[in-house]
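Asks: Pasting a structure below so you can have a look.
Every read-out reported here was derived from the displayed coordinates using simple, explicitly stated rules and does not represent laboratory data. In this text, all values refer to a predicted model and were calculated from it rather than measured experimentally. Every residue, glycine among them, receives a Cβ derived from its backbone with ideal geometry; neighbour counts consider all protein chains shown.
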Amino acid sequence: MIDISEKMNDEQRASVLLFEVIERAIRLHSHVDRSCKVVSRPGARRTAQVRISREVQKLLERHINESLKRYRDVPAPEHRIANLINDLESLAEIHTRFLVAVPRPHEPIEIISYLRQILFSHLEPDSDEEITIPDIFASETLGDQAHWLNRGVLDASVLEETIERGREVRQFMLANEDIGDKAEDFINKKSAPRRKDFNYVSLPRVDLGNPCRWPSLLHEIGHFRLDEEKVWTDFCADRDGVQLVAARKCIESSSVDADGGTIDHELRSWLYECWCDAYAVVNAGPSAYFAQFHAFLFGSPRNYLSTREQGSLYPPAWFRLRLLMSLSEARLQLEDDAARANICAHMSREKDIFYTIFDVDERSRSELFELLHIFRDFIRRQFPRENWPSTANVSSEALNHLVDDIGKGLPIPAISSSDIRTQQAANPAEILLAGWMHRSSTYRKDFLETIAPWFEKMVDFSDLIRQLRAKVDRADESLKRSLQMAEWFKILDERAKQDAASSKSLGSVSLDGGSDDKVDEVRSTDFVGLLPDIQINALLEKRVLRVIPLIDADRQVSGSVIDLRLGHNFEIFFSNVHGQVDPLNYSRTSESLDGDLSDADSMEMDVDFLKSISIGPGQFILAHTLEYIKLPPDVAAQIEGRSSFARLGLQIHMTANLVEAGFDGCLTLEIANCGNFPIKLYPGMRIAQLRFFKLMRAPRTPYGRMSGTKYRGMLSHNKTQQFSDWEIAAFQEASQKFKINP
């Protein structure tokens, strides 16, 4: 883990802020591109949305180009910071003004998996408690919000105007038996209670694809779990009311116009916001601190962020950030003091960036600083340590392992135990904290180093955009994949342990009659050819062969194969698209900003855990393995289908079964149903087998070092890249030169 304990200077702050601004713009650019695919269906009616989306992308490209030019041409760090703050405001305007016209994508299915793991973690196996995961909404605003949707209940003034125009709304509402009584009460101007059983939470659209921001959802869910009257009563009754008197005094001292009713209303609102911050930290771990910092950084510029507005329902962001930092430090339960100090240093540096941007000086806000201590002491009593869920605990050994793996570009769903071959699931708190630690160190450094050649005019701007997008998308997909696989890993691993315990209680019989001495002898042999399970396990233990995740290794690795599971992402090809595949005249709409989306011949589909996808007779789809494979340079592999599926007529590869030595990534599955009946496939099911071959010597050029490798490092399936082969480019140039119509 990278040590960043030293304090930043203005030049370093400017470079970090440059990273935040450019990465945010790249995220918006990528989000708009993915959103356009929502309307890229054959025969879909063309609207202005696609055209507007392309114009928004061009606007973002101009914004990135101008930001980089200003940064290059203005050497003074303080002036660079001022320009970048203005760039933040421009990005906020683009998000709030233009994204409303961009097609709306679905929220990632991994976000539901993340919330499931958090919200269901404390339930006992035989618990009858019902937990509802709120619906998630992608918002054009820049705030994270919790919403109570009172079905059939409208604002009084709007309702009165509607009634005057014809009473249609009243008649409809009264006709609905479920909501008629509540509607009648509200029409008669009686109070309508908030219904907390029908609610949803929202994040800014661009943040829904960024797992590092998901812990902020726990703050919003906290509003649904918050018993406002009880919390306020506890606060007022604490220490015989002394706490309330002191808190009122802090608010009064910092107010321009002190009013008793306003002060109590403001104090209650502040307390509830801070209580929900604590709920997020307790359940999501320290990653909640980083998520809220990011929300404040890109929130509505200078809106309650650094100063206190009279009667504001929200504490200043610096106030909440400082409280979040204190709660996160208390939440860390690490056995390694150095690791704890390093995480705290990361949090302190992020706070330093925020204070620099919004010119925060805590010393000039002594009254509110005293209130912060009052809130902190009260909230810690509201969330006693013995009630903290274990799923938000973080192990320093696990964190170091995860940060190391994500730095190598590997997904990080599992960590190794003392037996390297045996893996155990990492919890969401560890995964996202590792993501943040990587983001604020190695990833940030690599991102800025990618930008640096542009300043020297050593890279084309369009190439720079593609490179940065690849880094952003890869980082997000790795974390999303890790969070989802952690849930699969936990469920499947628990069942495997139950089966192992049952087998042990029945007694096991050794079939080979041999001893461990023979195993050690085989492991030490310089084996060449098809590898048996003993040799496969030896490679896994040495970490030269990586299979992530490896669930129930004793059964997944057997004979001469490793069983592989089906992933969650599929490419569905449209049967009503007519035409032909022409390598010299192929429209790659996913790579070209000016491509014609009407030419799309397929769509991506994500399938949630325990849901299925049906493949009909004669249908062909692309899928991928759940496992991420990293082969050593002297080991190749071969993928085949399992016989159980072959007997149903299911084929999982189309001749492309060779995996080159040195390959790393998920394996794409070319699935075809050759049978007579539809077959349902479920993510997580064992669908394929991988066998390994030890080469007599490593190739001169392993797969990872080949020029033009097209499928390396993929986290899901990938459509054919045959049209990017160098021969195709040569043929195209020749056809243009000789004016040959392909």
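Asks: I need the calculated FRET efficiency for the pair Leu448 and Gln49, taking r as the beta carbon distance and R₀ as 51 Å, to the nearest 0.05.
Replies: Here the calculated transfer efficiency is 0.90.
Asks: Count charges around Asp563 for me, please; just the other residues with Cβ under 13 Å from its Cβ, Lys/Arg as +1, Asp/Glu as -1.
Replies: Result for the local shell: 0.
Asks: What's the exposure ranking of Ile263, Ile131, Ile221, going from fewest to most Cβ atoms within 10 Å?
Replies: The fewest-first ordering by Cβ neighbours comes to Ile131, Ile263, Ile221.
Asks: Now a separate question. Say a paramagnetic label sat at a point 7 Å from the Cα of Glu66, along Cα to Cβ; which residues of region 88-124 have their backbone N under 13 Å from it?
Replies: Correct set: 88-94.
Asks: Something else: Could you put Cys36, Cys212 in order, starting from the residue whose Cβ has the fewest other Cβ atoms within 10 Å?
Replies: Taking fewest neighbouring Cβ atoms as first place, the list is Cys212, Cys36.
Asks: Of the cross-linked pairs Lys58/Lys408; Lys445/Lys630; Lys490/Lys630; Lys351/Lys480, which ones have a Cα-Cα span greater than 29 Å in the structure shown?
Replies: Cα-Cα > 29 Å for Lys58/Lys408; rest within.
Asks: Using the count of nearby Cβ atoms within 10 Å as a rough guide to exposure, how do Arg13, Arg444 rank from fewest to most?
Replies: Least crowded to most crowded, the residues run Arg444, Arg13.
Asks: Hey, another quick one. For Glu11 and His106, compute 0.36 nm times the residue count separating them, minus their Cα-Cα distance, and round to one decimal in nm.
Replies: 30.2 nm
Asks: Could you state the orientation-averaged shadow area of the convex hull built on the Cα atoms of region 17-111, in nm² to one decimal?
Replies: 7.0
Asks: Next question. Express in nm, to one decimal, how much length is gained between Glu541 and His265 on full extension, taking 0.36 nm for each residue of separation and deducting their alpha carbon distance.
Replies: Between Glu541 and His265, full extension yields an extra 93.3 nm.
Asks: What does the extension gain come out to for Lys249 and Val74, with contour length at 0.36 nm per residue minus their alpha carbon separation?
Replies: 58.4 nm
Asks: Given labels modelled 7 Å from the Cα in the Cβ direction, how far is it in nm from Arg116 to Phe573?
Replies: 3.0
Asks: What is the local net charge at Gln467, summed over the other residues whose Cβ is closer than 12 Å to its Cβ (Lys, Arg +1; Asp, Glu -1)?
Replies: -1
Asks: Also, I was wondering about something else. Quick one: which residues, 5+ away or cross-chain, put their amide H under 5 Å from the amide H of Val659? H built at 1.01 Å from N.
Replies: Placed amide hydrogens put Ala637, Gln638, Ile639 under 5 Å from Val659.
Asks: What nm value, rounded to one decimal, do you get for the distance between Ala698 and Ala82 when each label is placed 7 Å out toward the C-beta?
Replies: For the pair Ala698/Ala82, the computed spacing is 5.4 nm.
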